[in-house]
Each structure stands twice: as structure tokens, then as C-alpha cells.
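Below is one structure, written out as C-alpha cells; comments come after it.
The values are calculated or read from the model by the stated rules, or taken from the named source; none is laboratory data. From a predicted model like this one, the values you see are computed outputs, not experimental measurements. Please note: Cβ atoms are built from the backbone with ideal geometry, for glycine as well, and neighbour counts cover all protein chains shown. For the accessible areas, the whole protein counts, side chains as well, though only heavy atoms, and no ligand, DNA or RNA atoms are used. Shrake-Rupley method; radii C 1.70, N 1.55, O 1.52, S 1.80 Å.
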Amino acid sequence: MAADPPRDGADVIQDAWRRELPGVPVESIGVITRIWWAAKVFGDERRRLLANLGIDVAVLDLLSTLRRAGTPYRMSPSELADACMVTRGAITQRVERAVRAGLVERTTAGSGYHARAVTLTDVGNALLDRVVADLLAAEDRLIGHLAPERRDQLAGLLRELLAGLGGPSLTGQVGD
């Protein structure tokens, strides 16, 4: 087993609050502060990489949601809003940007008002393949210092943490 890493800023903050407010539970600082800091590092890296690839987090979420839906890579705007956990207005804006870039197209899946759909184009599909491959490789490098069994352990602990928070089923991208 690897030695524990050296103490960090979260330890210093936790110690200070333990000293200043004796009797107040401060153990959450060691978990939550580090999660916030890790999320900042991951989010900054994701935004930097996506900017270099010419796509933003919101459009990546839209394209990824369509792709994960399977062929024909088509969903209604309301299905997209629900899956991306954003408002209908936010989806309309995302779709408009992606249409202008040729990444998706507005289509129909039958007749009537509710038949409106958004479909991933070949250009959007090709861009998504390249972006996801580059993004996952970069994110793998960010956690590459952890042994595979530690990655699995951390993933399990985070799954348990999220399940215990009792929030909605989280399926979309983070960082919007």
C-alpha cells in the first residue's frame, strides 16, 4: 500500500476551524474541499481542451446526449432538455448554436408540433468522436497517478456519496 500523501491546504483549513470552533464537526472539510478543488482542476482542463477543439461544454453535452441515445441519434427537444438536465430554453439555445455549426439538424419524426426532433449530423458525429477520444485521453492522464484498483475504489466511494445525497439521477455533463 502506498504511503499517505503529505498534508495539504484542506488539512490546514480543517485544523484552523477545529481550533477556532472546538466541538463543531469539521471532518467534512477534508472531503468536500478536496472534491471542490478536484472539480475545479477537472473543469478547467475540460474547458481548456474543448476550447482548443472548438467546442463548448454545453454543445458537447448536447452532441453526447444525442450520440448515447443510439441510432438514429435523434431526440425531441423536451427529451434533450430532460436528459441534459437544463431548461427548454437552454436546449433551444444549444440546438441553435449546433445547427449554425452544422453539427445537428432540426428534423421531424412524424407529424404535428410534437414531432419536432434534433438529429446529429455526420459532421457532428465525426467531431464528437474526435472530441470524446481526446477528452477521455486527457482525463485519463489527470487520474493516471492513481493505481487502477484505487480508481475503482474512488469511483465506488463517489457513487456511494452521490447515492446518499438523494438528488436527481445525474446523467449529463458537468460544468454548464
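How far is helix 9-20 tilted, in degrees, relative to the longest principal axis of the Cα atoms in the chain, given as a value from 0 to 90 rounded to the nearest 10?
60
Taking Cα Rg over 2.2 N^0.38 Å as the quantity of interest, determine which of [x] 0.98; [y] 1.07; [z] 1.30 was computed from the displayed structure.
[z]
Angle between the Cα long axis of helix 57-68 and the longest principal axis of the chain, 0 to 90 degrees, nearest 10?
Orientation of helix 57-68: about 70 degrees from the principal axis.
About the Cα centre, and with charges only on the beta carbon of Lys, Arg (+1) and Asp, Glu (-1), how big is the dipole of the chain? Nearest 20 debye, please.
Numbers: 22 positive and 23 negative charges, 104 e Å.
Using only the charged Cβ atoms, the result is roughly 500 debye.
Testing the spin-label approximation: label points 7 Å from Cα along Cα→Cβ at THR33 and GLU20. State their distance in nm.
1.0
Where in the stretch 70-99 does the label zone of THR108 land, with the point 7 angstrom along Cα→C-beta and an amide N cut-off under 16 Å?
Label zone hits: 76-77.
At a 1.4 Å probe radius, carbon and sulfur cover how many percent of the accessible area of the chain? Let's see the in-between values first.
Working: 6940 of 11590 Å².
Here it works out to 60 percent.
Note down, for the stretch 59-148, the three equivalent ellipsoid semi-axes (square root of 5 times each alpha carbon gyration tensor eigenvalue), biggest first, whole angstrom. Please list the in-between numbers first.
Details: eigenvalues 158, 37, 26 Å².
After diagonalising the Cα gyration tensor, the semi-axes are 28, 14, 11 Å.
Which residues does a label at GLU149 reach in the stretch 1-44, if reach means a backbone N under 20 Å from a point 7 Å past the Cα toward the Cβ?
Taking a point 7 Å out along Cα→Cβ of GLU149, the residues of the stretch 1-44 whose backbone N falls under 20 Å are 1-5.
Normalised by the residues of the stretch 1-158, what does the relative contact order come to in percent, with Cα pairs under 8 Å and at least six apart? Write down the numbers at each step before the final one.
On the way: 123 pairs, mean separation 27.3, N = 158.
For the stretch 1-158, the relative contact order is 17 percent.
Write down the accessible area per residue of the chain in Å², having rolled a 1.4 Å probe over the full set of protein chains.
On the way: 11590 Å² over 176 residues.
Using a 1.4 Å probe on heavy atoms only, each residue of the chain averages 66 Å².
Using the beta-carbon distance between SER78 and ALA51 and R0 = 25 Å, what value does 1/(1 + (r/R0)^6) give for FRET efficiency, to the nearest 0.05?
On the way: r = 30 Å, r/R0 = 1.19.
Efficiency for this residue pair is about 0.25.
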